[in-house]
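J.: Pasting a structure below so you can have a look.
The values are calculated or read from the model by the stated rules, or taken from the named source; none is laboratory data. Computed from a predicted structure; not experimentally measured. In this analysis, Cβ positions are derived from the backbone assuming ideal geometry, glycine residues included, and neighbour counts consider all displayed protein chains. Ligands, DNA and RNA are excluded from the accessible area calculation, which covers all protein heavy atoms including side chains. Shrake-Rupley method; radii C 1.70, N 1.55, O 1.52, S 1.80 Å.
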Amino acid sequence: MTPVTADDGKKEAFRLYSEGRYRESLALCNRLLESARDPALEILAATNLFSWGKLEDAEVYFRDLARRMPESSHIHSYLAKVLEQEGNDSAVAEYAAAVRLDPGNQDALRSYAASLIARKDERGALPVLKRLCTLGQRPDDLRYLTAALTRTGRAEEACALNQSPKGVKLKSREYAEALCATGRYREAADEAQGLYDETHDPATLRLCLAARARADPAFDPGTYASVLKEIPDPGIFLDYVNLLQDRGEYLRALATVKKLIALDKKPQHRLIACELSAALGDHVNALADYESLIRDELDAPCPSDALRQILSSYRHYMMAQLPKGEDLERFLARVSGDTNVICLAETAQMYCELGEVDMARSWYYRAYRADYLNGGLPYAEFLASLGNDRECEKVLLYILANVGRLADLSRVAAAVTKNERTLLRMRRLTGELIRRMEERRDMLGSDDRECLAVAYRSAATDALSREDFAACMENCLCGIDVLPAYPRECRTDDFLILVHRTKEQMLTDSPVIKAPRSEKPAAARQSVEALTEVMALSVPEQKILAFLVAHKRASETDLRRLLGTRRVAGIVNILIRKAKAQGIMLLEKKGMSAEGEVYEYCGA
């Protein structure tokens, strides 16, 4: 039945969406938008695309809405959800924009906090979670805040929050974990036991047993054995093995870990069995188990994350137990023939520990050539240990120039800033690291921002040593600006001390902060021909761009006549995405008309 009025149609579109009939709701939205623009219907149309799984189209639609309604917190929040589903790192920047525009938007706050926690950025999530607990007092908000406080080393604050008269008092595993982190093991055990009696969750039972074992030095490990007969949980098995190891009961621990392996054949569990056999002096079985585990890992289509740990343990075991020369020969035979970058790097490390520096360098270089990132970082660290700053800087600059993923850039930043003394000796590297991280400023997590702050601190220290006072002041201000709310090591005072020393040495008090100069949009600085080449436009895309440059505005029907195809909307969407990837805005959707979607050129 066709709705009688526009309001009836709008209600019908929302009803269809609520029933999960996204395609029908979208079609009705498009029909209604042909006669009049309605922001609520435009947002609903984009939301239908998202819910229907048309992520690329939804992204283009929401980006267009965000350009036309930049002050809408909800649109930025929806765009962030689309980007998050696509695995796009810029999702967190859109969540941040939504929260910045409306700090009271609880849906955006919760989504932003969840996004940060998923990235393991609890430090970044703390201010958001604290605001949520102030606004909403939902039990889940308190649980997430408690967990974030505990994981960032603020367990006392987490316990106080749960004990506060203003807090929402509820049983939670997060509170029990906070109690454990503060050493209040008996209270933690009681809290976890009460929660387990209600939920029968094995993870809660594991926490309860661990707390009881820590609270009572005379705790009977047999309690674990009794529980495991009823609930054979791998996590509880692992805690039982660790407890037996801590008490020196290696034989019993080995028997237990074999039961765990029968239940869960994770490489980490098999490694524990190898190490226990070695601790018991059963070197025949230890060596056989090590080499069987390594063979299985190297034969697997994709070696596990534990391979480096396994090879390191194997290397140390052989160097301790086998005669000199035989250990290297056996390691080379079992490990070094594989081209896996971890095998190459571990071989280099073995030569390094044997004092054969030239061979170590040769193997590290092979690892670097095999994988510029995973092999390059250990190679650079090795070069730095030799004091070969020039080659080290060269390697790290190459890595920085080639990393694309934010996660990879984070790894490089952490490796480079780990040793600030080395960083101080490499001015070009410091500058390039700052440049690359500033390019992703809106997407950086707390760890990344602290790394960037450390780089600014190094640049400021270097500038002060050269009496470049303006550069020192500028780097200090940039470092303070980027520093996260809850830093681990880099502090605001570090920069203030440098500022104070700079002020004392400056002969003239020259301003550092100046009014920013306005810049023309990127599109205005490039010709259409240059854009066509840079964006690698197809022939249909070039025709659309040239037509819009000439006529400034065109309808979907105009472009269909131009190209002789009905697939105009998809081609325009691709063109918009390519422009977005270059950081420019060329086209803008101006709504619906009787001749379909209207597009406007907004470049030079």
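J.: Only one residue in Ala148, Ala98, Ala91 is open to solvent by less than 10 Å² (accessible area, probe 1.4 Å) and touching a Phe, Trp or Tyr at 6+ places or on another chain (Cβ under 8 Å). Which one?
T.: Exactly one of Ala148, Ala98, Ala91 is open to solvent by less than 10 Å² (accessible area, probe 1.4 Å) and touching a Phe, Trp or Tyr at 6+ places or on another chain (Cβ under 8 Å), namely Ala98.
J.: Only one of Thr2, Thr47 is surrounded by fewer than 16 Cβ atoms within 10 Å (Cβ to Cβ) and either at pLDDT 90 or above or β-branched (Val, Ile, Thr) (or both). Can you tell me which?
T.: Step by step, each of Thr2, Thr47 is checked, and only Thr2 is surrounded by fewer than 16 Cβ atoms within 10 Å (Cβ to Cβ) and either at pLDDT 90 or above or β-branched (Val, Ile, Thr) (or both).
J.: Oh, and also: Could you tell me whether any residue of segment 320-332 is in contact with a helix residue (DSSP H, G or I) (Cβ under 8 Å, 6 or more places away or on another chain) and within 22 Å of Asp371 (Cα to Cα)?
T.: Scanning segment 320-332 turns up at least one residue that is in contact with a helix residue (DSSP H, G or I) (Cβ under 8 Å, 6 or more places away or on another chain) and within 22 Å of Asp371 (Cα to Cα).
J.: Turning to a different aspect of this structure: Any residue in segment 330-352 that is more than 16 Å from His316 (Cα to Cα) and hydroxyl-bearing (Ser, Thr, Tyr) sitting within a Cβ distance under 8 Å of a residue that is part of a helix (DSSP H, G or I) and open to solvent by 20 Å² or more (accessible area, probe 1.4 Å)? List the pairs, counting only those 6 or more apart or interchain.
T.: Thr339/Ala370
J.: What's the number of the only condition in (1) open to solvent by 20 Å² or more (accessible area, probe 1.4 Å); (2) modelled with pLDDT under 95 that Leu496 fails to meet?
T.: (2)
J.: Determine which member of the set Tyr372, Tyr379, Tyr368 is part of a loop (DSSP other than H, G, I, E, B), crowded, with 18+ Cβ neighbours inside 10 Å and not acidic (Asp, Glu).
T.: Tyr372
J.: Looking only at segment 499-511, filter to residues that are hydrophobic (A, V, I, L, M, F, W, C) and open to solvent by less than 40 Å² (accessible area, probe 1.4 Å); which one of those is farthest from the chain's Cα centre (by Cα)?
T.: Taking the candidates together, the pick is Met506.
J.: Sticking with this one: Of everything in segment 512-554 that's modelled with pLDDT under 75 and among the small types (Gly, Ala, Ser), which residue is surrounded by the most Cβ atoms within 10 Å (Cβ to Cβ)?
T.: Ranking the qualifying residues of segment 512-554, first place goes to Ala523.
J.: Glu71 passes all but one of (1) without any contact (Cβ under 8 Å) to a residue 40 or more places away in the chain; (2) buried (at least 16 other Cβ atoms within 10 Å of the Cβ); (3) in a loop (DSSP other than H, G, I, E, B); which number fails?
T.: (2)
J.: Could you please let me know if Asp64 is of a type in the set (D, E, K, R), touching a Lys or Arg at 6+ places or on another chain (Cβ under 7 Å) and part of a helix (DSSP H, G or I)?
T.: For Asp64, the condition - of a type in the set (D, E, K, R), touching a Lys or Arg at 6+ places or on another chain (Cβ under 7 Å) and part of a helix (DSSP H, G or I) - is met.
Each row is one residue, and each column tells you yes or no for (1) surrounded by fewer than 21 Cβ atoms within 10 Å (Cβ to Cβ); (2) of a type outside the set (Ser, Thr, Tyr); (3) over 21 Å from the mean Cα position of the chain (by Cα).
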residue	(1), (2), (3)
Lys130	yes, yes, yes
Arg143	yes, yes, yes
Tyr175	no, no, yes
Ala178	no, yes, yes
Thr199	yes, no, yes
Arg212	yes, yes, yes
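J.: Taking interchain pairs and intrachain pairs at least six residues apart, which have beta carbon atoms under 6 angstrom, with the first residue in segment 129-153 and over 20 Å from Leu179 (Cβ atoms) and the second of a type outside the set (A, V, I, L, M, F, W, C) and open to solvent by less than 30 Å² (accessible area, probe 1.4 Å)?
T.: Leu132/Asp141
J.: Quickly run through segment 555-604 and pick out the residues that are open to solvent by 40 Å² or more (accessible area, probe 1.4 Å), modelled with pLDDT under 80 and more than 36 Å from the chain's Cα centre (by Cα).
T.: Arg566, Arg567, Met592, Ala594, Glu595, Ala604
J.: Another question about this same structure. Return the pairs, sorted by first residue and then second, in which the second residue is in a loop (DSSP other than H, G, I, E, B) and open to solvent by less than 50 Å² (accessible area, probe 1.4 Å), the first residue lies in segment 378-391 and is under 17 Å from Leu424 (Cβ atoms), the beta carbons are less than 8 Å apart, and the residues are 6+ apart or on different chains.
T.: Asp389/Met426
J.: Could you run through segment 409-439 and say how many residues are within 22 Å of Asp121 (Cα to Cα), in contact with a Leu (Cβ under 6 Å, 6 or more places away or on another chain) and charged (D, E, K, R)?
T.: Count: 1.
J.: Please enumerate the residues belonging to segment 465-490 that are open to solvent by 10 Å² or more (accessible area, probe 1.4 Å) and part of a helix (DSSP H, G or I).
T.: The answer is Ser465, Phe469, Ala470, Ala471, Met473, Glu474, Asn475, Leu477, Cys478, Ile480, Asp481.
J.: Right, something else. Just the residues that are under 16 Å from Gly104 (Cα atoms) and not β-branched (Val, Ile, Thr), please, taken from segment 62-77.
T.: Glu71, Ser72, Ser73, His74, His76, Ser77 - these are the residues of segment 62-77 that are under 16 Å from Gly104 (Cα atoms) and not β-branched (Val, Ile, Thr).
J.: For Pro323, all conditions in the list (1) in a loop (DSSP other than H, G, I, E, B); (2) within 24 Å of Tyr365 (Cα to Cα) hold save one; what is the number of the exception?
T.: All conditions are met except number (2).
J.: What helices (runs of 4 or more DSSP H) lie completely within segment 1-55 and have 2 or more residues being touching a Phe, Trp or Tyr at 6+ places or on another chain (Cβ under 9 Å) and among the β-branched types (Val, Ile, Thr)?
T.: 39-52
J.: Read through the list (1) among the acidic types (Asp, Glu); (2) open to solvent by 70 Å² or more (accessible area, probe 1.4 Å); (3) assigned to a helix (DSSP H, G or I), then give the number of the only condition that Glu191 fails.
T.: Exception for Glu191: condition (2).
J.: Tell me which residues, restricted to segment 21-64, are free of Cβ contacts under 8 Å to residues at least 12 places away in the same chain and under 16 Å from Asn573 (Cβ atoms).
T.: Gly53, Lys54
J.: A follow-up question, please. What's the total number of residues in segment 74-91 that are part of a loop (DSSP other than H, G, I, E, B) and among the small types (Gly, Ala, Ser)?
T.: 2
J.: May I pose another question? All but one of (1) loosely packed, with under 12 Cβ neighbours inside 10 Å; (2) modelled with pLDDT of 90 or more hold for Ala333; state the number of the condition that does not hold.
T.: With respect to (1) loosely packed, with under 12 Cβ neighbours inside 10 Å; (2) modelled with pLDDT of 90 or more, Ala333 is out only on (2).
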